[in-house]
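One structure is given below, encoded as structure tokens.
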């Protein structure tokens, strides 16, 4: 399994531009319609929370009321940390742990918020997507960064070794034995390749190019040549599991 994990990491490291282009469009739709910092971070929070298959509406409602109605402007990353994780350090682990303590938020969505804030401020996306000016551009070696694990990623790890009971914690702990900080962020691309190469649900997923899934990604490039290019890349991805 270790050999295949290394091959997966090499593949996603060498093909980052595909998911990067999709993510850029996704973030633009979330951030650019809004003018101030508070509106932008609230928009991001709503979009991330809505990625849950069964969102806890009542609990999320309490969270939104607290963050929207309280007299704070959230004009800085530090202010946001103080809101969700009082006395927490100004880093990405504080975001993850702070969000995990909020009503209606779980490990995956908390990790997604941490990852998204990093993406928007790491200098690799459009400058006008930044919300604040005090977000670290790099993930410090003493910071902790978490892969947003969902059913797609769990299915991939089951494909690698179905004798292990994979979940959010098990997958992150497995990756952390070799990969740290910035490298964990690279692993986030695994979802893109996994999503468009899985057919079915639960334990009955077939691993194959799934063009229908590619088309339902609103931000995916619909150019015929680009689709063919990504299809060929997916074959490379799938060969790793053989």
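Bear in mind these aren't lab numbers, they're just calculated from the coordinates by the rules spelled out. Just so it is clear, the structure is predicted and the values come from calculations on it, not from any experiment. Glycine gets a Cβ as well: all are built from the backbone with ideal geometry, and neighbour counts include every protein chain shown.
State the Kirkwood hydrodynamic radius of the stretch 6-54 in Å, one decimal place, computed from all pairs of distinct Cα atoms.
For the stretch 6-54, inverting the mean 1/r across all distinct Cα pairs yields 12.8 Å.
Please compute the Kirkwood hydrodynamic radius of the chain from all pairs of different C-alpha atoms, in Å with one decimal.
Taking every pair of different Cα atoms in the chain, averaging 1/r and inverting gives 18.9 Å.
Which angle between 0 and 90 degrees, to the nearest 10, do you get for helix 16-31 versus the longest principal axis of the chain when only C-alpha atoms count?
The answer is roughly 30 degrees.
Under a plain spin-label model, where a point goes 7 Å from the Cα along Cα-to-Cβ, how far apart in nm are residue 53 and residue 21?
3.0 nm
Counting every Cα pair in the stretch 34-142, what percent are over 24 Å apart?
Working: 1022 of 5886 pairs.
Tail of the P(r) past 24 Å holds 17 percent of the pairs.
Taking only the alpha-carbon atoms of the stretch 177-218, what semi-axes of the equivalent ellipsoid follow from 5 times the gyration tensor eigenvalues under a square root, in whole Å, largest first?
They are 25, 14, 7 Å, listed from largest to smallest.
List residues of the stretch 7-35, by number, whose backbone nitrogen lies under 17 Å from a label position 7 Å along Cα→C-beta of residue 229.
Answer for the stretch 7-35: 12-25.
Relative to the compact globular guide of 2.2 N^0.38 Å, what is the alpha carbon radius of gyration of the stretch 1-88, as a ratio?
Compactness ratio reported: 1.45.
By how many degrees, between 0 and 90 and to the nearest 10, does the Cα long axis of helix 224-239 differ from the longest principal axis of the chain?
70 degrees
Write down the radius of gyration of the stretch 121-232 and its Dmax, each obtained from C-alpha positions, in Å.
Cα only, the stretch 121-232: 16.6, 46 Å (Rg, Dmax).
Quick check: the distance between the Cα centres of the stretch 127-195 and the stretch 226-240, to the nearest angstrom?
About 21 Å separates the Cα centre of the stretch 127-195 from the one of the stretch 226-240.
What's the exposure ranking of 69, 51, 174, 109, going from fewest to most Cβ atoms within 10 Å?
Fewest-to-most ranking of 69, 51, 174, 109: 69, 51, 174, 109.
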